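Here's the structure, in structure tokens; my notes come after.
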Amino acid sequence: MSEEKQDFLRRWSRLKKEAAAAPAAGREIVEPPVELPALDSLTFESDFKAFMRGKVEEGVKRAALKKLFADPRFNVMDGLDTYIDDYTKSDPISDELLSQLDHARRTLMGPPKDQDAEEDAKPAEEQKPAEVVKSDGDPAQDPKAL
């Protein structure tokens, strides 16, 4: 079996050397030059395949594609434009909406409770007296002395 493998490798090596020694011109496939239509005469229905071949210059290829996509049929919104708005600009809440919100709050929760009005309405006896801090006379122990 090693002889068969060796014969295979020798034959493969020989064929590879012969292929490399063959003239390069014989292996090339020569394509006939393609006549490209004038860019001004292109329409949507024109055949753009000739412009997409590998031998066509990049600038000519781009010009043909630019001409193709300039057609208004490619300028149609697809319906997936839900999120194209600029949401960084906030709209102020209108006075009408604020009044509706205030009315809904009063209807659902009752009139607003103002804490300042409640404290003023309480008698002086019900209000908590200020906390009296007893001092032992030692200024090191008095936190207000600092």
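The values are calculated or read from the model by the stated rules, or taken from the named source; none is laboratory data. As the structure is a prediction and not an experimental result, all values here were calculated from the model. Note that each Cβ is placed from the backbone with ideal geometry, even for glycine, and that neighbours are counted across all protein chains shown.
Return the residue satisfying two criteria in turn: it lies in the range 73-99 and is over 26 Å from the mean Cα position of the chain (by Cα) and not β-branched (Val, Ile, Thr), and of such residues it is nearest to residue 50 (Cα to Cα). Steps first, please.
First, the residues of the range 73-99 that are over 26 Å from the mean Cα position of the chain (by Cα): 92-99.
Then keep just the ones that are not β-branched (Val, Ile, Thr); that gives 92, 94-99.
Numbers: 92: 56, 94: 60, 95: 64, 96: 64, 97: 62, 98: 64, 99: 67 Å.
Going through the qualifying residues, I end up with 92.
If I go through the range 53-105 residue by residue, how many of them are at pLDDT 85 or above, charged (D, E, K, R) and more than 30 Å from residue 39 (Cβ to Cβ)?
4
Please give the number of the condition residue 50 fails out of (1) at pLDDT below 65; (2) on the phi < 0 side of the Ramachandran plot.
In the conditions (1) at pLDDT below 65; (2) on the phi < 0 side of the Ramachandran plot, residue 50 misses (1) alone.
Considering the range 51-75 alone, what residues qualify as being of a type in the set (A, V, I, L, M) and outside any helix (DSSP H, G or I)? If you could, list the steps in order and put the result at the bottom.
Initial filter on the range 51-75 (of a type in the set (A, V, I, L, M)): 52, 56, 60, 63-65, 68, 70.
Once the filter is applied, which keeps residues that are of a type in the set (A, V, I, L, M) and outside any helix (DSSP H, G or I), the range 51-75 yields 56, 70.
Anything in the range 22-47 that is assigned to a helix (DSSP H, G or I) and at pLDDT 85 or above? List them, or say none.
Quick first cut of the range 22-47, residues assigned to a helix (DSSP H, G or I) only: 24-27, 39-41.
If the condition is that a residue be assigned to a helix (DSSP H, G or I) and at pLDDT 85 or above, then 39, 40, 41 are the ones that fit.
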